[in-house]
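J.: Take this structure, written in structure tokens, and hold onto it; I'll ask about it next.
The values are calculated or read from the model by the stated rules, or taken from the named source; none is laboratory data. As the structure is a computational prediction, the values presented were derived from the model and not from experiment. Neighbour counts are summed over all protein chains in view; Cβ atoms, including those assigned to glycine, are modelled from backbone coordinates with ideal geometry.
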Amino acid sequence: MPHLILEHSANVSDVADIAGLVVVLHHAALATGIAPLDALRTRAAQRDIYAVGDEYPKNGFIAVTARLAPGRSDSDKQILTEALMAALSDALGDAQDNLMLSVEYQEIDPLFRINKNNLRSVIAERNIRHEGTRRGC
């Protein structure tokens, strides 16, 4: 049930590849082992109306929110947020000079969430077929 939401000011698109950042964050979360492949969803949302700092036109922001079900340790939460920030900073390079960056971890309350994931069985089946192809089946 992990969600990664990359929210950004519209001007970030002028200095960074948003689709590339989505992929970078998705891979960084998977690499931690904390976010399972068959449940992770990563997306971006551009904000066209915003004010950042002293409102200088080049000021911008990227806010990454990681939403996961309860049950992870504080250590895992810290590993995930630090991995996401490192991946974001590395991918942005000098483009982050006028940006405010943040990563926040939020727990999803299972009492108020309904989730249906059809991808688990699809991905499992695809992996079985892929393994069979590699073995020459």
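J.: Among the residues of the range 110-128, what is the count of those that are more than 14 Å from Arg41 (Cα to Cα), of a type in the set (D, E, K, R) and loosely packed, with under 10 Cβ neighbours inside 10 Å?
T.: Matching residues across the range 110-128 total 0.
J.: Of the residues Ser73, Ser102, only one is touching a residue at least 40 places away in the same chain (Cβ under 8 Å) and among the hydroxyl-bearing types (Ser, Thr, Tyr); which?
T.: Just a single option satisfies the conditions, and that option is Ser102.
J.: Going through Ala39, Ala19, Ala69, Ala35 one at a time, which residue ends up being surrounded by fewer than 16 Cβ atoms within 10 Å (Cβ to Cβ), under 26 Å from Arg126 (Cα atoms) and at pLDDT below 95?
T.: Ala69
J.: Which ranges mark the strands (runs of 3 or more DSSP E) fully within the range 20-137 that have 1 or more residues being polar (S, T, N, Q) and either on the phi > 0 side of the Ramachandran plot or touching a Phe, Trp or Tyr at 6+ places or on another chain (Cβ under 9 Å) (or both)?
T.: 60-68, 99-107
J.: Identify the single condition in (1) without any contact (Cβ under 8 Å) to a residue 12 or more places away in the chain; (2) surrounded by fewer than 15 Cβ atoms within 10 Å (Cβ to Cβ) that Leu30 does not satisfy, given that it satisfies every other one.
T.: Answer for Leu30: the failing condition is (2).
J.: Go through the range 38-72 and count every residue that is of a type in the set (Gly, Ala, Ser) and more than 15 Å from Val12 (Cβ to Cβ).
T.: The total comes to 4.
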